[in-house]
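Visitor: After the structure tokens below, expect a handful of questions from me.
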Amino acid sequence: MGKQLLLSALTKYFLGVILLGALLFIPTGSFSYWQGWLLMGILFVPMFVAGLILMAKNPDLLQKRLNAREKEAEQKTVVALSGLLFIAAFVIAGLNWRFGWWLLPDWAVWVAAGLFLAAYLLYAEVLRENTYLSRTIEVQENQKVIDTGLYGIVRHPMYMATTILFLAMPLVLASPISFIIMLGYIPVIAKRIRNEESVLEKGLPGYKEYKQRVRYRLLPFIW
């Protein structure tokens, strides 16, 4: 399993690098788009390190994270919509840089990069706290409700981290237009959360009581 898991992880990793590179640099028509290189660096370098750590310390969790086949029909729609948003945001970011429509100043790009890395650390903490995290909506065998750490503040800290990550990406790319596009991710993730909670309430003992203890889904004191 070790070699097979490593091969699967590396294959998906390098496919991701190639795909994002194509989405960013083909529209720009140039490799001089330094904001694009910045995003790829702060995205894929930590991802590679995190993958190595998971491979060594928790290969089962890595396997779950690589499993992206949704069983819920509603979640398949959510995944498809998210994919379209990402493609549109990245392509528009490249075109925006190429034609100079509306670019953020460099200082704003670096602030967004710092926010992105902070959200990455938050995401890593969620992975440390919850070993049941897969990329699909499901109740796993022997799964228990996690209500400590970040899960004692909001019910979905992973989605909180990924929402910050995804909204920071177009800002790192210096593209306010792409940021506006990525705001469409908010109703998409809200739909995913509602469906996930419905699945967990039906299949995970104690989840209803957990919802009563932790009121907020994504943002403390807001929602």
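Visitor: Below 8 Å, C-alpha to C-alpha, sequence gap of six or more: please give me the relative contact order for segment 2-213 in percent.
Guide: 28
Visitor: Starting from 0.36 nm per residue, how many nanometres of slack lie between residue 219 and residue 102 once their C-alpha separation is accounted for?
Guide: Using 0.36 nm per residue and subtracting the Cα-Cα distance, I get 39.2 nm.
Visitor: List, in the order given, every pair from 12/208; 3/202; 76/211; 3/191; 57/144; 76/144 whose Cα-Cα distance in the structure shown is over 32 Å.
Guide: From 12/208; 3/202; 76/211; 3/191; 57/144; 76/144, over 32 Å: 12/208; 3/202; 3/191.
Visitor: Please rank 8, 82, fewest neighbouring Cβ atoms within 10 Å first, as an exposure proxy.
Guide: Going from sparsest to densest Cβ surroundings: 8, 82.
Visitor: Another question, then. Rounding to the nearest 10 and keeping the result within 0 to 90°, find how far the Cα-based axis of helix 157-172 lies from the longest principal axis of the chain.
Guide: The helix 157-172 is inclined about 0 degrees to the chain.
Visitor: How big is the dipole moment of the chain about its Cα centre under a simple scheme where the beta carbon of each Lys and Arg is +1, that of each Asp and Glu is -1, and everything else is neutral? Debye, nearest 20, please.
Guide: Computed charge dipole of the chain: roughly 300 debye.
Visitor: Springs between alpha-carbon atoms under 10 Å, Gaussian network over the chain: tell me which of 63, 212, 35 tops the mean-square fluctuations.
Guide: With Cα springs under 10 Å in the chain, the top fluctuation among 63, 212, 35 is at 212.
Visitor: Taking every pair of alpha-carbon atoms in the chain, what share in percent sits in each 10 Å bin, from 0 to the bin with the longest distance?
Guide: Result returned by the calculation: 7, 30, 36, 21, 5, 0.
Visitor: Over all alpha-carbon pairs in segment 166-221, figure out the percentage whose distance exceeds 19 Å.
Guide: 47
Visitor: Then there's this: Compute the separation of the alpha-carbon centres of segment 147-201 and segment 1-46 and state it in Å as a whole number.
Guide: If we compute the Cα centre of each part, the gap is 21 Å.
Visitor: Hey, another quick one. What are the ³J(HN,Hα) couplings of segment 42-49, residue after residue, when phi is run through the Karplus curve with 6.51, -1.76, 1.60 and θ = phi - 60°? Round to Hz, x for glycine and proline.
Guide: Taking θ as phi minus 60°, the curve returns 6, 8, 8, 5, x, 4, 5, 5 Hz for segment 42-49.
Just so you know, all these numbers are worked out from the coordinates, no wet-lab data involved. Keep in mind it's a predicted model, so treat the numbers as computed, not measured. All Cβ positions, glycine included, derive from the backbone under ideal geometry; neighbour counts span all protein chains shown.
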